[in-house]
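Contents: one structure, followed by commentary.
Each value in this text was obtained by applying a stated rule to the coordinates, not by laboratory testing. Computed from a predicted model, the values in this text were never measured in an experiment. As a convention, Cβ positions derive from the backbone with ideal geometry for all residues, glycine included, and neighbour counts pool all protein chains shown.
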Amino acid sequence: MPENVPKMDPLRRVGEETKPPLTPGVPGQGFETYMEKASGSKAPTQPPGVSPFDLAQTQGLLAKGPNFDTLLTQVKSAQTMLGDMTNDLHTKNLKLKQSQRQVLRSKLKGATTYLKAANGKMGAPIPQEEKEEKGGGILGKFLNYISYGQRNLQAAQQQLMNLKNKGTTLQPADFLAIQVKLSHAQIEIEYASVMLGKAVDAAKTLMNIQL
């Protein structure tokens with residue numbers, strides 16, 4: 001063998017001599033650094049002295065609970081939907097299927113139950129139900145339901161404004177209970193409103209075809 005050919009270390013693999021040895025405690029080395037380079041991003045870090053609990057607390061404040069203004073907004077929203085339903089029920093040539101009548105009756109009764117419960121919780125007077133007028137027909141009954149719901153909402157609105165103006169405060173649990181009952185009433189009213197709106201659209205379409 002020629003003397004000028006360098007001897008290779010049998011214990012060192014080919015290409016290993018190009019890698020610098022790892023030095024413990026030196027930044028930029030180790031498995032974590034290798035994974036960061038491979039993924040192209042660094043692992044998230046947190047400031048020194050900050051515990052995971054403190055970090056979680058700084059993610060954001062909890063949403064504010066209900067207050068008089070949020071409850072009044074709910075009441076006004078329900079009033080608007082009931083007002084729209086009143087207009088829809090006066091649509092010319094409006095006809096409701098038996099299934100639609102049952103759903104409409106059920107939803108309006110359910111909304112009334114929740115509104116009365118909300119009024120009772122906030123100390124508002126619960127209006128007395130009026131007797132159904134004879135000859136009003138099925139649409140007249142629905143108008144009575146809506147009218148009674150509006151009177152409950154008016155009583156709720158007046159009570160909430162009185163409490164707010166007097167500077168009265170309610171317990172957070174009471175605020176939440178009233179909010180939940182009003183939300184349930186809104187859901188019932190909205191469901192009935194959407195269904196009635198579709199029936200009105202169908203009646204208008206039929207009327208346009210006939211014209």
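The table below gives the values:
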| quantity | calculated |
| --- | --- |
| Inter-site label distance for Glu129 and Thr70 at 7 Å from Cα along Cβ, in nm | 3.2 nm |
| Rel. contact order, % - alpha carbon contacts under 8 angstrom, at least six apart, region 68-210 | 47 percent |
| Residue order, fewest to most beta carbons within 10 Å, for Ile146, Ile138 | Ile138, Ile146 |
| Net charge dipole size for region 68-210 [Lys, Arg +1 and Asp, Glu -1 on Cβ; Debye, nearest 20] | 300 debye |
| Among the listed pairs Lys76/Lys131; Lys131/Lys166; Lys131/Lys181; Lys121/Lys198, those beyond 28 Å (Cα-Cα) | Lys131/Lys166; Lys121/Lys198 |
